[in-house]
Amino acid sequence: MRVVIVGGTSGIGLAAAARLAAGGAEVVVTGRSEERLRAALKQLGDQARGEVVDARDTAAMRALFEGLGTVDHLVVTVTGRGGAGPLSSLTGEGLTEAWRNKLVPHLLTAQAALGVLNPEGSITFVTAASAGAALPGIATLAAVNGAIEAAVPGLAVELAPIRVNAVSPGVIDTDWWSEIGDEARAAFMEGAAESLPVRRVGRPEDVAATIEYVVRNAYTTGTVLTVDGGARLKA
């Protein structure tokens, strides 16, 4: 089983690559950083190989898949900075960048892979629970992630028998939060943990387990699985 994980050199993508490789899959990971790719491949071992490629570069993604041959499963974990903030501070440039950094690479990466995807295989998008959250300052994040999730059922029918699913994580302690600084990050994670029914924030491995489930379960398609520690249950 060959699995391509786009954005698989860090965070959730790397955790998913490690889990799938440990289960015997041949894993191909991609990322924009040569340094991160080398570190990821060192961690993953002989079951993995990788390529430096920017998922926002549609031509480069097409070339990647053309050179790979048959792919059984595609997992797209790419994300981007920006998009958070109140409505009053949003700009056209910021909105465009938010869409360009996530929605566009998710859908066009799936398109680029179509010619080599095993008909019995799958596509898994990694979105975010902000798609269904009612919190101030996340309208753009909700719109971007919600758009990907809204595409899942239609794509599952359009691309059948290829399966299409999404995994929607809540607060996961990854480097995505690094820009707010160590002190603010620690305080946020502590507060988030106290508010959740599971009393902790998520780890990349929690999401990786769900990704492995939708990759390996041949009877699951058109679904969005939320992994949020119960945050959706809070009023």
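The values are calculated or read from the model by the stated rules, or taken from the named source; none is laboratory data. Just so it is clear, the structure is predicted and the values come from calculations on it, not from any experiment. Methodologically, a virtual Cβ is constructed for each residue, glycine included, from the backbone with ideal geometry; neighbour enumeration extends over all protein chains shown. Only protein heavy atoms, including side chains, enter the accessible area calculation; ligands, DNA and RNA are left aside. Shrake-Rupley method; radii C 1.70, N 1.55, O 1.52, S 1.80 Å.
Across the chain, C-alpha contacts under 8 Å between residues 6 or more apart give a mean separation that, scaled by the residue count, equals a relative contact order of 19 percent.
Ranked from largest to smallest solvent-accessible area, with a 1.4 Å probe on the protein heavy atoms, K42, K102, K234 come out as K42, K234, K102.
A viscosity of 0.692 mPa s and a temperature of 37 °C, combined with the Kirkwood radius over C-alpha pairs in the Stokes-Einstein formula, give segment 185-235 a diffusion coefficient of 264 µm²/s.
The structure shown yields percent of Cα pairs over 32 Å apart, and of the options (1) 12; (2) 15; (3) 26 that calculated value carries the label (2).
I need the shape label for segment 55-176. Rule: rounded when a/c is under 1.5, else prolate if a/b > b/c, else oblate, with a, b, c from the alpha carbon gyration tensor. Cα axes put segment 55-176 in the prolate bin. As a calculated quantity, the FRET efficiency between S33 and R185 at R0 = 22 Å, using C-beta atoms, amounts to about 0.60. Of the residues T140, T124, T96, the one that moves most in a GNM of the chain with alpha-carbon contacts below 10 Å is T96.
Note that segment 82-201 presents 49 Å² accessible area per residue, ligands and nucleic acids not counted, probe 1.4 Å. Taking the accessible area of segment 109-235, probe 1.4 Å, and keeping the other protein chains in place, the carbon and sulfur fraction comes to 58%.
Taking one quarter of the surface of the convex hull spanned by the alpha-carbon atoms of segment 1-64 gives a direction-averaged projected area of 3.9 nm². Shown here: segment 148-235, whose C-alpha atoms stretch 47, 27, 22 Å along the first, second and third principal axes, sorted largest to smallest. Once Rh is set to the Kirkwood radius over Cα pairs, what Stokes-Einstein translational diffusion coefficient, in µm²/s, holds for segment 1-113 at a temperature of 25 °C and a viscosity of 0.890 mPa s? Result for D is 168 µm²/s. Dipole check for segment 118-235: with +1 at the C-beta of Lys and Arg, -1 at the C-beta of Asp and Glu, and the Cα centre as origin, the magnitude is about 380 Debye.
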